[in-house]
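One structure is given here, and the rest of the page talks about it.
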Amino acid sequence: MKINILQDVLQANDRIAEENRQFFKKNHNMVLNLMSSPGAGKTSLLEKTAEKLAGKLRLGVIVGDIETTRDADRISKFNIPTIQLTTGTECHLDANMVASALPHLELDKIDILVIENVGNLVCPAEFIVGEDFKIMILSIPEGDEKPLKYPLMFHESALMLINKTDLLQYTNFNLESARANARKINPAIDIIEMSCINGTGLDEWVSWLTARYHEKLSGAGRA
Amino acid sequence: MHEMGIAQNILDIALSAADKEGASKITRINLVAGELRGIVPLQLTFCFGLVAKDTMAGGAYLNIEEVPVSGHCNDCGSDFSIKEYEYVCPTCSSTKIKVTGGTELSIRDIEIE
């Protein structure tokens, strides 16, 4: 006997993500799901962002790693509320894991909450966690063809940060190809070239972040 | 390796539906998986076999229907399939494309005894 089901496989995740979203809305949080390969510079970006936003907007961080609290230790030095989730064997954060962190954060004292996902270019893009935007980092040593090899993440992201541009001279990475490859997958993606080492692009990134935050607060929002 | 989590979700949904029908065995699950979801069928069937073992879905055949990416052009209105992630309208070359297929991941139906 055949039974029709027509149910999204990740419906359970999506329902919890929606609950998270309502929670964030109530607390006026703008929430970013930050994704990249391991070592692309997610934690360095958050350190720089914390410096830049100090005294302007209040940052909070949920950081996912398979093991250790090293990333949380680095970020909490900036007096930013930080919750570390160690996922064990899981290669991504899902809505339920994020929900488990929320009671430990004073969300009403946070303007921008960044969820630093597990370093991985595939799985994190599959799971919504209640974010306003997915954003990602592509770093120079990874090569400019990554958007074509891992299309879902580039397709889902509102912004691609091309990090470690200070290393360009040592590689055959082509910025124009990287931009073209990403726009081929996602014509609407915003792109910022940056370096956490020499500070290139950080102001542009902070402007992007601030603009999205004010759009969210005013209820304008983008797509 | 997101296949393990997905396999568990598929099993949970199938078991709950089969329970409601008073079934004793699930023999087949028909899954629709969009190309953009990056599912590796061999890996998913392997993971499903592991999680389903010792349940009434043990030994069930997981049929994965892969859906290619398709798009709709917001400029000229044509519908087309997107190959090699080329998000460009083949008719008018516009890049204002809305993805209309290839992101789904759902269970269409199951077969029970």
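A short reminder: the numbers here are calculations on the coordinates, not readings from a lab. Note that this is a predicted model, so its numbers are computed, not measured. Neighbour counts are summed over all protein chains in view; Cβ atoms, including those assigned to glycine, are modelled from backbone coordinates with ideal geometry.
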Within a Cβ distance under 11 Å of A:Asn163, other residues only, what is the Lys/Arg minus Asp/Glu net charge? 0
Taking Cα atoms, how many degrees apart are the long axis of helix B:3-20 and the longest axis of chain B, rounded to 10 and kept between 0 and 90? 60 degrees
Which lysines have a Cα lying under 28 Å from the Cα of B:Lys25, excluding residues fewer than 8 positions away in the same chain? A:Lys2, B:Lys53
Determine Rg/Rh for region A:65-153; Rg is computed over alpha-carbon atoms and Rh is the Kirkwood hydrodynamic estimate from the same atoms. 0.97
Which order results if A:His104, B:His2, A:His155, B:His72 are arranged by neighbouring Cβ count within 10 Å, fewest first? A:His104, B:His72, A:His155, B:His2
Evaluate the relative contact order of region B:3-112 (contact order divided by residue number), counting alpha-carbon pairs under 8 angstrom at least 6 apart; express in whole percent. 35 percent
Under the rule of -39500 (n - 2.57) per DSSP H run of 4 or more residues, summed and divided by the residues of chain B, what mean residue ellipticity at 222 nm is obtained, to the nearest 500 deg cm²/dmol? -8500 deg cm²/dmol
Simple SL model, points at 7 angstrom along Cα→Cβ for A:Leu167 and A:Ser100; separation in nm is 3.2 nm
Using only alpha carbon pairs under 8 Å that are at least six residues apart, calculate the relative contact order of region A:11-213 and give it in whole percent. 25 percent
Of all alpha-carbon pairs in region B:3-112, indicate the percentage at a distance above 22 angstrom. 43 percent
Within region A:160-223, which trypsin sites (Lys or Arg not before Pro) sit in a loop by DSSP and count at most 12 neighbouring Cβ atoms inside 10 Å? A:Arg222
Of all stretches in chain A that avoid GluC sites (Glu not before Pro) placed in a DSSP loop and having at most 11 other Cβ atoms within 10 Å, the longest is A:107-223
Dimensions (Å) - chain A, Cα atoms, principal axes, largest first: 59, 51, 39
Rg ratio (alpha-carbon, reference 2.2 N^0.38 Å) - region A:1-72: 1.58
Say we join alpha carbon atoms closer than 10 Å with springs in a Gaussian network model of chain A; which of A:Val206, A:Val61, A:Val118 then has the biggest fluctuation? A:Val206
Most exposed first by the Cβ proxy, i.e. fewest other Cβ within 10 Å, how do A:Arg70, B:Arg28 rank? A:Arg70, B:Arg28
Gained length - B:Arg28 relative to B:Thr95, 0.36 nm times residue gap less alpha-carbon distance: 20.1 nm
Modelled FRET efficiency - R0 35 Å, B:Leu50 with A:Glu145, Cβ distances, 0.05 increments: 0.55
Exposure proxy check: A:Leu105, A:Leu85, A:Leu167 ranked by fewest other beta carbons within 10 Å? A:Leu167, A:Leu105, A:Leu85
Could you derive backbone 3J(HN,Hα) for region A:68-77 from the dihedral phi with the Karplus parameters 6.51, -1.76 and 1.60 (θ = phi - 60°), listing whole Hz in sequence and x where the residue is Gly or Pro? 6, 10, 4, 5, 5, 4, 5, 6, 5, 4
Those lysines that a straight Cα-Cα span of less than 27 Å connects to B:Lys96, excepting residues fewer than 8 apart in one chain: A:Lys134, A:Lys146, A:Lys149, A:Lys184, A:Lys216, B:Lys83
A:Glu193's amide H: which non-local residues (gap 5+, or another chain) put their own amide H closer than 5 Å, with H modeled 1.01 Å from N in plane and none for Pro or chain starts? A:Ile162
Go through the cysteines of chain B and tell me which have no other cysteine Cβ under 4.7 Å away. B:Cys47
Rounded FRET efficiency, nearest 0.05, which uses the C-beta distance separating A:Arg15 from A:Leu217 and R0 of 25 Å: 0.45
Calc'd 3J(HN,Hα), region A:208-215, phi into Karplus 6.51 cos²θ - 1.76 cosθ + 1.60 (θ = phi - 60°), Hz, glycine/Pro = x, comes to 4, 4, 5, 5, 5, 4, 5, 4
